[in-house]
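Here is the structure we will look at.
The values are calculated or read from the model by the stated rules, or taken from the named source; none is laboratory data. Since this is a predicted model, take the numbers as computed values, not measurements. Because the Cβ atoms are built from the backbone with ideal geometry, glycine has one as well, and the counts that use them run over all protein chains shown.
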Amino acid sequence: MTAPHAAPSPRPARVEELQARIRGMQATRLDSKAVPTHPALAEVLPGGTLREGTVVQVEGSTTLLMALLAGPSASGRWVAVAGMPEFGVEAAARFGIALDRLVLVPDPGRQWLTVVAALADVIPVVAVRPGGRVSPAESSRLQARLRQRGTTLLVAGDWPGSDARLGVEASEWRGLERGHGHLAEREVVVSVAGRGEFVRRTRSRLRLPGRHLEFAPAALGPAPGLADPIPLDDFERRATG
Amino acid sequence: MTAELGRTIVLWCPDWPVFATCRETGLDPTAPIALTEAGLVFACSPAARRDGVARGLKLREAQYRSPGLIVHGYDADLDARVFEPIVRAVEAAVPGVQLVRPGTLAMRARGPARYYGGEDAAASALLATVAEHGVPGARVGIADGPFAAEQAARAARESPVGIVPPGASAAFIAPLPVALVVDPRTATLLNRLGVRTLGEFAALPAADVRRRFGAAGAFAHDRAAGREQARVIARTPPPEFEAELHFEPPLDRIDQLAFAFRVGAEEFIERMRAVRLVCTGLRIELDDERGGHSSRSWLHPRWFTPADVVDRIRWQLQGAGSADAGLASPIVRLRVIPERIDSTGNHEEGLWGGGPDERVHHGLTRVQSMLGHEAVVTAAIGGGRMLADRQVLVPWGDRPPERTSDAPWPGSLPALAPASVFRERLPIALLDERGSAVAIDERGAISASPERFAVGGGEAAPVRAWAGPWPVVERWWDAEHAKRVHRFQIVDDDGCAWLLVRDHEGWWAEARYD
């Protein structure tokens with residue numbers, strides 16, 4: 001192989017980033033197709049998009065969940081939200097989720113896992129807040145079904161063996177002062193942990209939402225000690241199964 | 001057209017919409033009642049008419065003229081539904097009936113007149129038939145052509161039967177206003193031209209009328225001149241599809257009832273399928289042992305299968321309970337009436353199966369049959385200031401309500417909507433620096449700036465930023481529904497933003513921007 005003499009990047013951060021990208025590409029299984037995802041999340045998600053048949057945990061932010069749902073919904077897919085009675089419909093509509101292709105099951109009760117399985121059969125993107133603990137056996141059964149149907153499951157809670165974990169680590173609102181103003185935009189630090197190939201836990205900054213109700217990667221500006229993305233020590237990552 | 005062939009009987013039930021509404025809701029028909037459509041009076045009862053209420057009046061004007069007016073919305077389906085048994089009864093007495101509109105029937109006069117021995121006798125027989133079904137004050141008009149016959153029925157004041165002798169129809173309708181046969185714009189024009197009655201209109205040369213007003217004008221001219229070409233077109237009685245079951249002994253469990261109707265539901269759907277019809281909406285009526293009655297319409301986004309019908313019965317009975325729950329009172333009678341029927345041709349599956357939406361529908365129906373009708377919802381944005389009012393959840397398969405969110409709603413929140421809207425507001429505490437709750441006085445001023453914030457009984461954490469109070473005053477004129485609250489936006493120590501509400505009971509979290 002006659003590779004051109006590319007000058008090796010002097011910065012180890014650059015190397016790290018390239019390695020992460022290689023790992024991201026390797027993670028693409030042959031059978032798992034990409035689901036259209038909001039461009040703002042391309043930097044955040046491992047591999048750059050949501051994938052069919054995967055489980056993504058979303059912790060601590062309904063807006064982040066809506067951002068994940070907005071991409072598939074805008075591309076004409078149906079989305080379902082189960083077990084989240086407080087899911088704000090108006091916010092969902094403003095953030096670009098088509099309400100005529102949104103199905104809500106606010107109270108699935110004890111049968112929530114069956115309901116999720118039934119929804120996953122027909123709806124390509126399902127978000128759920130688990131109504132109880134899931135045993136690894138149940139979760140792998142459901143995940144086999146998800147892979148077969150090509151459904152993406154977003155979990156607002158714990159899930160054994162999820163493919164990626166997104167969480168909001170810090171959030172900072174702008175526009176509201178002490179006694180005046182109103183909430184206008186927010187910048188959050190989203191931490192992402194993958195499993196398997198994506199061992200590194202990275203952080204990125206997002207505007208969730210921006211001043212015009214849009215989602216966008218936040219500028220790298222004067223972030224206090226937070227570059228984008230930052231590989232952390234491997235010890236820091238939590239085992240996800 | 002010979003006069004003999006054109007002779008027509010019209011049976012007219014005055015104020016039919018009001019009568020139908022009274023029968024359905026149990027109102028007293030002698031009270032002043034008005035039915036409205038799009039803010040205008042559509043029909044009114046005789047008592048209301050005596051007070052000066054008339055069709056086309058604005059609702060407010062009608063209420064001004066008749067202060068005790070009972071107002072209901074006009075429901076065309078209800079009109080037709082209540083009239084249907086009467087049409088059937090008249091069809092049993094006189095074949096070949098045309099349903100002009102609910103409340104008005106037309107039929108040819110020749111057959112009944114011969115059978116009953118004269119037009120008078122036929123009219124009396126019809127009135128007797130209708131009176132048997134509890135419809136008082138019906139009128140019959142007999143004349144040449146349906147238009148003249150209807151006018152004869154409406155003109156009959158002293159006796160309930162108005163008969164215009166053959167050939168005299170043109171003279172009979174001549175003094176009536178011209179607006180009866182033409183649309184309002186043309187009527188205004190004709191009035192300006194000095195043509196006020198049908199007689200004057202009929203006197204115009206037919207060729208000139210056609211040239212000036214076109215085919216519609218010529219048709220109206222023929223009507224005005226008593227040369228009506230329209231004949232009675234008898235309706236084909238629709239086949240009977242409804243299913244009824246009586247239970248002896250009465251059934252007191254939902255699963256028993258669902259099982260008992262399983263075969264009935266299949267027959268019910270199969271009968272429609274045999275004539276290539278599908279049912280897209282039906283009404284289920286249940287009578288229990290104590291005389292209770294439950295009636296509800298169910299719509300289907302596609303069409304009902306037998307299992308769907310059984311599901312709807314279960315849902316109607318169980319409400320929020322589970323499937324094996326007992327009923328408060330045993331059911332003695334079950335009736336399923338198709339309300340919307342469509343040809344199968346409009347619902348044919350494509351050559352390569354249905355679209356993806358069909359699969360979605362099947363899947364959601366499965367979830368519905370697991371959890372109940374109300375458990376699977378689609379959402380729409382409604383009107384209102386409080387967030388809970390603004391999200392309208394519609395059970396899968398039902399029709400979404402009219403949108404009112406486009407209205408400006410002064411006092412509602414800025415465009416950024418909270419991602420979590422609590423169904424039940426969370427009790428919170430908002431404290432000032434001395435640790436006492438922040439209060440708002442009558443004039444909307446706060447006692448001190450909020451410094452600490454706690455959800456439920458939790459630990460109080462510092463407030464980073466806040467704004468408020470933003471007052472929301474709703475329905476101050478209505479003591480029962482009046483609402484006066486103050487809203488705050490705050491950001492807590494974790495960087496999470498909240499929408500807080502202060503009402504007379506205390507502090508609540510309405511929503512969270514998370």
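Structural remarks
- Taking residues in region B:369-381 that are facing chain A (nearest Cβ under 7 Å), and partners anywhere that are basic (Lys, Arg) and not in a strand (DSSP E or B), the pairs with Cβ atoms closer than 7 Å and at least 6 places apart or on different chains are B:Ala380/B:Arg403; B:Ile381/B:Arg390.
- Candidates B:Gly444, B:Gly468: the one that is of a type outside the set (Asp, Glu), farther than 29 Å from A:Leu69 by Cβ and modelled with pLDDT under 85 is B:Gly468.
- Meets criteria (loosely packed, with under 13 Cβ neighbours inside 10 Å, over 31 Å from the mean Cα position of the chain (by Cα) and in a strand (DSSP E or B)) for B:Glu248: yes
- Test: residue in region B:215-225 that is modelled with pLDDT of 85 or more, loosely packed, with under 15 Cβ neighbours inside 10 Å and closer than 30 Å to B:Asp183 by Cα: yes
- Every residue from region A:94-110 that is within 7 Å of another protein chain (Cβ to nearest Cβ), more than 10 Å from A:Met66 (Cβ to Cβ) and under 20 Å from the mean Cα position of the chain (by Cα): A:Leu102, A:Val103, A:Leu104
- For A:Val192, the stated conditions hold: it is away from every other protein chain (no Cβ under 14 Å), surrounded by 19 or more Cβ atoms within 10 Å (Cβ to Cβ), part of a strand (DSSP E or B) and in contact with a Pro (Cβ under 9 Å, 6 or more places away or on another chain).
- Members of region A:12-59 found to be in a strand (DSSP E or B) and either modelled with pLDDT under 85 or exposed (fewer than 15 other Cβ atoms within 10 Å of the Cβ) (or both), listed by number: A:Ala34
- Only residues that are out of contact with any helix residue (DSSP H, G or I) (no Cβ under 6 Å at 6 or more places or on another chain) and not basic (Lys, Arg) were counted in region B:32-73, giving 21.
- You will find that of B:Ala265, B:Ala260, the residue that is within 24 Å of B:Ser369 (Cβ to Cβ), in contact with a helix residue (DSSP H, G or I) (Cβ under 6 Å, 6 or more places away or on another chain) and among the hydrophobic types (A, V, I, L, M, F, W, C) is B:Ala265 and no other.
- Unique match (being more than 30 Å from B:Ala216 (Cβ to Cβ) and over 22 Å from the mean Cα position of the chain (by Cα)) among B:Arg262, B:Arg227, B:Arg235: B:Arg262
- Of the strands (runs of 3 or more DSSP E) lying entirely inside region B:429-514, those carrying at least 2 residues that are more than 14 Å from every other protein chain (Cβ to nearest Cβ) are B:461-474, B:483-492, B:497-503, B:506-513.
- Qualifying residue in region B:391-413 (condition: surrounded by fewer than 13 Cβ atoms within 10 Å (Cβ to Cβ), within 27 Å of A:Glu59 (Cα to Cα) and over 30 Å from the mean Cα position of the chain (by Cα)): no
- Lone unmet requirement of (1) within 12 Å of chain B (Cβ to nearest Cβ); (2) touching a Ser or Thr at 6+ places or on another chain (Cβ under 7 Å) for A:Glu90: (2)
- Unique match (being in contact with a strand residue (DSSP E or B) (Cβ under 9 Å, 6 or more places away or on another chain), crowded, with 17+ Cβ neighbours inside 10 Å, away from every other protein chain (no Cβ under 14 Å) and not basic (Lys, Arg)) among A:Ala127, A:Ala164: A:Ala164
- Residue under evaluation B:Val491, criteria (1) surrounded by 13 or more Cβ atoms within 10 Å (Cβ to Cβ); (2) in contact (Cβ under 8 Å) with a residue 60 or more places away in the chain, criterion not met: (2)
For every residue, the table says whether it meets (1) basic (Lys, Arg); (2) out of contact with any strand residue (DSSP E or B) (no Cβ under 7 Å at 6 or more places or on another chain); (3) closer than 19 Å to B:Ala375 by Cβ.
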site	(1), (2), (3)
B:Val275	no, yes, no
B:Val278	no, no, no
B:Leu282	no, no, no
B:Arg312	yes, no, yes
